[in-house]
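Okay, structure first, notes after.
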Amino acid sequence: MLWTAGTDAVGCRPAHDDERRYGEGMPRYDPSGASDPSDGLTVADLDPAQPIGDGQLVLDVREQREWDDGHVPGALHVPMADLPSRIDELPDAAILVVCRSGARSARVVAWLEHTGFEARNLDDGMQAWLAAGLPMEAAGGEAPVVR
């Protein structure tokens, strides 16, 4: 495995004021330490020749337009707000969660760990992935971008 989870699951309480935007039950990042985004990975932690190893999954939690603009080949796309209702689509595998900058994915990682999944955040998100020249594809054969 190219990477492994670094912390045990943590307790996160639903952020009721965020439920409309982020989905029912989706926790909000708590800077006091309830979830620790510093346990994420950077693109420098990934093997450029094979950034995602066998048995690992990239979960992209961005919105449809962002996904269409550019994403990791083979990634699973589940927008953050849809994740609680689509949790059964996630395999029992190590999950690397990505968004544009790493903020949304940090919240998702906290929630996934709380529900028993092994998940890590990609610090700086797809912006860093693109800047590192790692593999990407876009809808319609266009050149991938991250906006």
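The values are calculated or read from the model by the stated rules, or taken from the named source; none is laboratory data. Here the structure is a predicted model, which is why all the values come from computation and not from measurement. Cβ: placed from backbone, ideal geometry, glycine included. Neighbour counts: every protein chain shown.
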### Task
Restrict the check to segment 20-28 and report whether at least one residue is modelled with pLDDT under 95, surrounded by fewer than 18 Cβ atoms within 10 Å (Cβ to Cβ) and not in a loop (DSSP other than H, G, I, E, B).
yes
### Message
Could you go through segment 90-107 and let me know if any residue there is part of a helix (DSSP H, G or I), of a type in the set (A, V, I, L, M) and closer than 17 Å to Gly40 by Cβ.
### Response
yes
### Task
Could you run through segment 108-135 and say how many residues are touching a residue at least 60 places away in the same chain (Cβ under 8 Å), on the phi > 0 side of the Ramachandran plot and not in a loop (DSSP other than H, G, I, E, B)?
0
### Message
Any residue at all in segment 72-95 that's touching a residue at least 40 places away in the same chain (Cβ under 8 Å), crowded, with 19+ Cβ neighbours inside 10 Å, closer than 14 Å to Met136 by Cα and more than 10 Å from the chain's Cα centre (by Cα)?
### Response
yes
#### Entry: Positions within segment 52-71 being surrounded by 14 or more Cβ atoms within 10 Å (Cβ to Cβ) and in a helix (DSSP H, G or I), in sequence order
Glu66, Trp67, Asp68, Asp69
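From the list Gly6, Gly40, Gly70, which one is under 12 Å from Val98 (Cβ atoms), touching a helix residue (DSSP H, G or I) at 6+ places or on another chain (Cβ under 8 Å) and modelled with pLDDT under 95?
Within the list Gly6, Gly40, Gly70, the selection yields Gly40.
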